[in-house]
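The values are calculated or read from the model by the stated rules, or taken from the named source; none is laboratory data. Bear in mind that the values here come from a model prediction, so they are computed numbers and not experimental data. Here Cβ is always computed from backbone atoms with ideal geometry, including for glycine, and neighbour counts include all displayed protein chains. Ligands, DNA and RNA are stripped out before the accessible areas are found, and what is left, the full protein with its side chains, is counted by its heavy atoms. Shrake-Rupley method; radii C 1.70, N 1.55, O 1.52, S 1.80 Å.
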Amino acid sequence: MTGPTPLQPGIGLGWFARHELRLAWREWMAMMSGGRVTRRVAIAVFLVVAASLIHLLAYGLLAPWVRQGIVPDRATLVLLTGSGLLFWTVMLSQALESITRVYYARSDLDLILSSPASSRQVFAVRTAAVGLSTVLLAALLASPLLNMLAFLDGPHWLAGYGVVLAMGALSTAIALAVTLALFRFVGPKRTRLIAQIVAAIVGAGFVIGIQAAAIIYYGSFSRFALLQSPDVIAAAPPPDSPVWLPAKALMGEVPALVLMLVLGLGALTLAIVLSASSYGAHAISAAGLSHVRSQRRPSRRGFRRMSQRQALRLKEWRLLQRDPWLLSQTLMQILYLLPPALLLWLNFGNSAGAFVVVVPVLVMAAGQLAGGLAWLAISGEDAHDLVATAPLAPRTVLLAKIEAVLAVIAVILAPLLLALAIASPFMAMVTAICVTLSAGSATTIQLWFRTVARRAMFRRRQVASRAATLSEAFASIMWAATGAVWASGSWLALGPAVMAIVVLALARLLSPRRG
Amino acid sequence: MPAPALAISGLSKSFDRLVVDGLDLTVHAGEFYALLGPNGAGKTTILRMVAGLLQPDAGDIAILGINTRSDPVAAKRLVAWVSDEPMVYDRLTPLEYLEFVAGLWQVDAAIAATRAAELLDWLGLAPHANELCGGFSKGMLQKVALAGALVHDPRLIILDEPLTGLDAGSARQVKDVLLGKVREGVTVIMTTHILEVAERMAERIGVIAHGRLIAEGTLDELRLRLGRQSSLEDIFLDLVAQHAPAA
């Protein structure tokens, strides 16, 4: 269960790679199964069923396209390149976040950097691991489409995995270059924050950009409207342009694929070689930040007169505002609110029909944001003993924390709801109700599955309880569907609403019992 | 006769094994009481039950006459709990932390502000009052936690290994603050593995082994019990050896 044979003495790239692999494998197994064999089996069955369903969906999506015959004309190249760019921006975003962690995560770095082992080798292995994880995630996402294309149109589509490998390597190389540039120009103190912002903007930016373009030019919310538009296809470069290299490699052109692999892997190797020597220095400067004292502006007035709930809410807001990793976890969700805002802006004064698409996006975003913030406030309590020994009922503590979370959601969504209310009071009412239900459901689920954890564990909250994560996501989706159908004026909205309540009931059943 | 600061009777707690075994313990108001015991003796479990962080399986705890089971909120109002791991938020400043604690204990804002300034000054933290706690050393964090424990003017202070990891200067400051509070009539109960600290500071010492109180008294009373002049370390080791389970 715990992997390969014990490590042999000796220090080198292979030795470090084995060490990292063993740690990654054990962590992954612990996260997935919690050490229980029955859970491992259940997860394996779930993965097989989920993969089968997604492949069926991909079949349904691709079969009509393949029947028409896929030829490497401009339309196909534009569609493949655009879709590939969507994947690539997500890969780049993930790589940026992961590379930042290579420099900032402490864990065993103190031990390794204080040992006689070469920090260059540690860095090379950890950067390669980032590249590998980026590639694996992208390959997992793309696999239903690639497998179905290979099944329907021929095995040459399997070359797509090579393209994913090349693009993953290129993403990691670019992420490394960006991180090093940030270290050089803004210093270790701000690099983490700016890298998170860049990662979020890159991850959401392209999707939002083409969605915005589709809204402006075609009044559609679909990102594919732009990729299939005759104007874009006509303006695209001719098929022999090097711009189409990734698309041609994807379609199985061997020279294009080889060139892509050489470019991607070459860029990554070069980036590692050039930056490895400075890794130790940058990691040490990042480590020094935990000892740097951050001065806040002194408050001019004395302590505030406040109730216990006010004190708790104020504390939560201060901590949320200053959380170093929160930005990367929530910024993307906030950025996804921009297209609906744009749609609202453009359709201001038009019929309410255009707003139907806005409702589910807002409801979904509210649910996801509330889930993350609720975990931080309810479970991520760094001074649990202090709050537990304070003279107030546990119920009061929870109420105050819920109020703090919902108030943040309200502040973020209020401007959009207000704009919607001016344009269409009915839509605003539907959105407000569904946003409240979605955020309330996510918060309630976090309450039922609450644990005692450090805030620094935020990134692992999604694997700490898969039941909580899944029910939170399903409840948000169901409330978003309720909002969308209700906004279109149909009583069928009751269907997803009932489903959302069923999801909540199931979550309650699965949640740990409390005495 | 005033109610004792802490009165424990028949207290029991089990996890996978019996950790606290029908404990009876009384600590008088205004007393400095040291609770000693080997690792795993049940000291922390006892104190966590007193602080309201664990529910006893059986038995009663009364703090200055208030039963913690029947009126936990009133009991908590009188108590401060300081553990060996400082309960401090990395991203709050000491002043903001003290404002938060004062809010939880509903201390008048003006009084809390004055008290906070005094405490930070007393503990040598005044120059760092507006810095985020995240950059502080272990000793500074422990002092912030202690300031938090004192800002609501508790009548009973419970400390679990408060001097762990502190340098000599910080340990001296913490000890001075605690002795000052005892002089003001506050009761202090402290666990420690540093026996010299217990020897010098505590008026009475209780020794716990296997969840039971195996000896209690002043240092002289404990010496009398062993029938020879010994250091607390010798007394402690003898007592623990006498109560070691048969192999």
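Of note:
- Note: relative contact order over chain B, using C-alpha pairs below 8 Å and six or more positions apart, is 26 percent.
- Contact residues in segment B:127-149 (at least 50 Å² less accessible area with all protein chains than alone, 1.4 Å probe): B:130, B:131, B:132, B:135.
- Whole-percent carbon and sulfur share, accessible surface of the protein assembly as shown, 1.4 Å: 65
- Ranked from largest to smallest solvent-accessible area, with a 1.4 Å probe on the protein heavy atoms, B:236, A:16, A:87 come out as A:87, B:236, A:16.
- Inter-label distance, nm, simple model (7 Å from Cα along the C-beta direction), residue A:45/residue A:488: 3.5
- Area accessible to solvent at residue B:210, 1.4 Å probe radius, in Å²: 80
- Mean Cβ neighbour count within 10 Å, used as a protection proxy, ranking A:54-65, A:302-313, A:372-383 highest first: A:372-383, A:302-313, A:54-65
- The listed residues B:81, A:28 rank as A:28, B:81 when sorted by accessible area, largest first, using a 1.4 Å probe.
- Length available on full extension from residue B:58 to residue B:242: 0.36 nm per residue minus the Cα-Cα distance, which gives 63.5 nm.
- Our coupling estimate for segment A:260-276, obtained by passing each phi through the Karplus curve with A = 6.51, B = -1.76, C = 1.60 and θ = phi - 60°, is 4, 5, 4, 5, x, 5, x, 4, 5, 4, 4, 4, 5, 4, 6, 9, 4 Hz, Gly and Pro reported as x.
- List of segment A:382-401 residues, accessible area with partners at least 20 Å² below that of the chain alone (1.4 Å probe): A:382, A:383, A:385, A:386, A:388, A:389, A:390, A:391, A:392
- Contact order for segment B:1-147, expressed relative to its length and based on alpha carbon pairs under 8 Å spaced 6+ residues apart, stands at 20 percent.
- Ligands, DNA and RNA excluded, the heavy atoms of residue B:221 present near 100 Å² of accessible surface to a 1.4 Å solvent probe.
- Cα radius of gyration and Dmax for the protein assembly as shown (Å): 30.9, 103
- Mean Cα-pair separation over length for segment B:72-161, i.e. relative contact order, pairs under 8 Å, 6 or more apart, %: 52
- Accessible surface buried upon A-B contact (total; probe 1.4 Å; Å², nearest 100): 3500
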